[in-house]
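Structure record follows, encoded as structure tokens.
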Amino acid sequence: MFNYLREWLGYHPDVHPSVAATGLSFLLPGYIDTWEPGKSLRYSGVAKQEARLCQLAVKIAPEFLAENQEFQIRDQGDALFAAKMFAAMPGRYRVRVINPERNSEPTPRWLLGDVSEALVHLLSSVDSGNPWLTEKWLDRLLSRINAETLNDEVLFGRLMVLLRVLGRDLEAAQIARSVDPQLPRMRAAALADLVVINQRLGPLLREPRAHIEGYATELYEIAMALGHDADPLELESWVNALGLFFAATGRFDECRSLYSWFESQVGDSLPPHARAIFESNFGRVLTWAAEPDLVREGETRLRLAANLEPQFADHWVRVADFLVDAGRMDDASQLIARGLDECADTAALIAVSARLKFLAGEFHEAMTLYLNSYRMQPERHERLLHAAQAAGNAGLVDEMADLLSGVEVAYLTDPLVETFELLSLEVKSREMDERLRRAWMCDQLAMLSALRPEWEVVRENVELLTQEG
């Protein structure tokens, strides 16, 4: 293992020589899958006492390090320290290394001017520009933002949107916690972000449940207090966050009452796009309820959103996902066909269609559809993973291995990382005879189960292999 890592680091063309020279001190006690600039590095096992040195070297507050499970390295000189820092914590962590040769880009003039206007430039460059450059300029801007500048509502809103768009939710959460409680509108916006981020990332933030309840309670009180005085769009964002929280905690009566109260507050003042989003969000959370009446109302509202804005695929996808989850495959197929005719962004609907084929056992067609959808939106890395899964179920092992090799693990959510790990183990085990394969799989799954005890599928596989001898 040691010789393999030394050779790989020393001769891999994409690894910076300084990293190759120093990398072994943290790789030896852990393990590595792949590491190229812009790709993911995963490791574990470095002693905890290394963390203090790492915290100092990367110059980030210890309380932030304790919460952050993904870190983007822009300076190769810090790569070793950041790797040790993350490896010193429980679980598996991901680091994206950005090629240092790209640091020679000249600083644009707008970056040195008004911070709020600079954020507008960055927001406009997210889709059209280079992601690594957008994040580099954002880091420069973050160094100019302090408690005083965060008192600007417009600046704060733009910053939070940009962080969320770039997937930097952990930093967004940290900034949201620092908002002055004496600024109720900004505080409400920050609380809404905290509630939504916690619902999406869950244990990744390591927030006590009582804290999340506190955020929701405070947000609810602000929303009720401001009522008619709040801008309808502003109020809608708060209500959507609370609705998501109430639904996720099974409090559907409170959720419905909240949305009904919002409707009474805003009346017909919502613009068409905001109305469609409201109906879509309200409908989605109602479909999670156990009561048939609430579920039916949820479906009605989801369909209304699609009818209000037929050109937006997200509305169609939510209806289709609901129908698939409800086992209404024929209805889902008909709706997808209609959506493909009416909206421009067909990639998401093709992915739902692929899911339909997968559930029907038509794995080869599912793989093809997932691949088509991925090629239309290559930033949706999970679709390539699903294509690999479909290939494996179709018995196309070589195709599954090829597809897995292209998956960017750093962009996957935690449940999908679990799927990736299991599929990777399956590919690696295919070359062994049956007895060796079962023993190796059991050992690898046991290691995964120890690293991630919350992964139920891994634990179930370990138990199954153990029972079968």
Discussion item. Residues that are modelled with pLDDT of 85 or more: list the helices (runs of 4 or more DSSP H) wholly contained in the stretch 338-456 that include at least 1 such residues.
Written reply: 347-359, 363-376, 381-393, 397-405
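For the stretch 243-319, which helices (runs of 4 or more DSSP H) that fit wholly inside it have 1 or more residues that are closer than 28 Å to residue 214 by Cβ and over 26 Å from the mean Cα position of the chain (by Cα)?
Working: elements: 252-266, 272-286, 292-308.
Because the criterion is at least 1 residues that are closer than 28 Å to residue 214 by Cβ and over 26 Å from the mean Cα position of the chain (by Cα), the helices (runs of 4 or more DSSP H) in the stretch 243-319 that meet it are 252-266, 292-308.
The values are calculated or read from the model by the stated rules, or taken from the named source; none is laboratory data. Every value quoted in this text rests on a predicted model; they were computed, and no experiment measured them. Reconstructed Cβ throughout: ideal geometry from the backbone, glycine too, with neighbour counts over all protein chains shown.
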